[in-house]
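Okay, structure first, notes after.
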Amino acid sequence: LAKTTQPISMDSYEGQEVNITCSHNNIATNDYITWYQQFPSQGPRFIIQGYKTKVTNEVASLFIPADRKSSTLSLPRVSLSDTAVYYCLVGDGRTGANNLFFGTGTRLTVIP
Amino acid sequence: ETGVTQSPTHLIKTRGQQVTLRCSSQSGHNTVSWYQQALGQGPQFIFQYYREEENGRGNFPPRFSGLQFPNYSSELNVNALELDDSALYLCASSLAIAGGVLDEQFFGPGTRLTVL
């Protein structure tokens, strides 16, 4: 089971780009990398998923280097509503439970 | 499309009692996972059900058990409640697709359980 390491917390000013890096040194060949966002008293919400290189959607980008031992979630021009906890998960969807380790996440605080 | 719903939203029990939490999956989803989230911690995986069969289990004792029904709704049962069972219990549904892509999970709002 590939575990992940993230910074415990980050602060950013409104309008800035925020990059949150996740380390996953023992990622397996079949593992995907997924990021979730969680607001207080709510369930986590899927942000983005990738396997290698770069993935971009309407809310974020995910950068994955060639060795795949880390990944970086990039949030462009954050707003106050982006204040939340962000979780990086690594796992293989074929075997059901292997991808379900959330860790403690990164608490992002966006400052006005 | 109906999202994931959970009931009840809040629950208070005393030590030693039993509790049943319920989850309705998002329409079309065949997989449900349950998590326990203590205050200030990330969600901890309890178990997952795929087409009514347990498909993986985390590091939780046997007094945590579950069911998935033919309509893919699910129950989490906890026997002999302990004070440390106080937490937010999250249910997540997904559509398992063969081929290795990690399934996106859709989470419900959770049930807040307090054990006194």
Would you please state the base-10 log of I(q)/I(0) at q = 0.15, 0.17, 0.23 1/Å for chain A, with intensities from the Debye formula using one equal scatterer on every alpha carbon?
-0.59, -0.76, -1.33
Place the peptides A:46-55, A:80-89 in order of packing, highest mean first, counting for every residue the other Cβ atoms within 10 Å and averaging per peptide.
A:80-89, A:46-55
In whole angstrom, the spacing between the Cα centers of the range A:1-62 and the range B:1-55 equals 23
Partner chain coverage, peptide B:35-41 - average Cβ within 10 angstrom:
2
What is the distance, in nm, between label points placed 7 Å from the Cα along the Cα-to-Cβ direction at B:Ala38 and at A:Phe39?
2.7
Might you tell me the accessible area per residue for chain A, computed with a 1.4 Å probe and given in Å²?
49
Take chain B, drop everything but the C-alpha atoms, weight them equally and run the Debye formula without solvent; then report log10 I(q)/I(0) at 0.17, 0.21 Å⁻¹ to two decimals.
-0.77, -1.15
Quick one: if you take sqrt(5λ) for each eigenvalue of the C-alpha gyration tensor of the protein assembly as shown, what semi-axes come out, biggest first, whole angstrom?
29, 21, 16
Considering every residue in A:38-46, what mean count of other chain Cβ atoms within 10 Å of its Cβ is obtained?
6
Looking only at lysines whose Cα falls under 18 Å of A:Lys3's and that sit 8 or more positions away or on another chain, we get A:Lys52, A:Lys69
Where does each of A:57-68, B:8-19 land if you order them by average Cβ count within 10 Å, highest first?
A:57-68, B:8-19
Residues of B:53-64, mean number of Cβ from any other protein chain within 10 Å of their own Cβ, rounded to a whole number?
1
What net charge is computed for the residues neighbouring A:Pro76, neighbours being all others with C-beta under 13 Å from the C-beta of A:Pro76, Lys and Arg scored +1, Asp and Glu -1?
-3
Leaving out ligands, DNA and RNA, what percent of the accessible area of chain A is carbon and sulfur, probe 1.4 Å?
50
Ballpark to the nearest 100 Å², how much total accessible area do B and A bury together, probe 1.4 Å?
1800
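The values are calculated or read from the model by the stated rules, or taken from the named source; none is laboratory data. Everything quoted here is computed from the prediction, not taken from an experiment. Here the Cβ is made from the backbone with ideal geometry for all residues, glycine too, and neighbour counts use every protein chain on show. All accessible areas refer to the heavy atoms of the entire protein, side chains included, with ligands and DNA or RNA removed. Shrake-Rupley method; radii C 1.70, N 1.55, O 1.52, S 1.80 Å.
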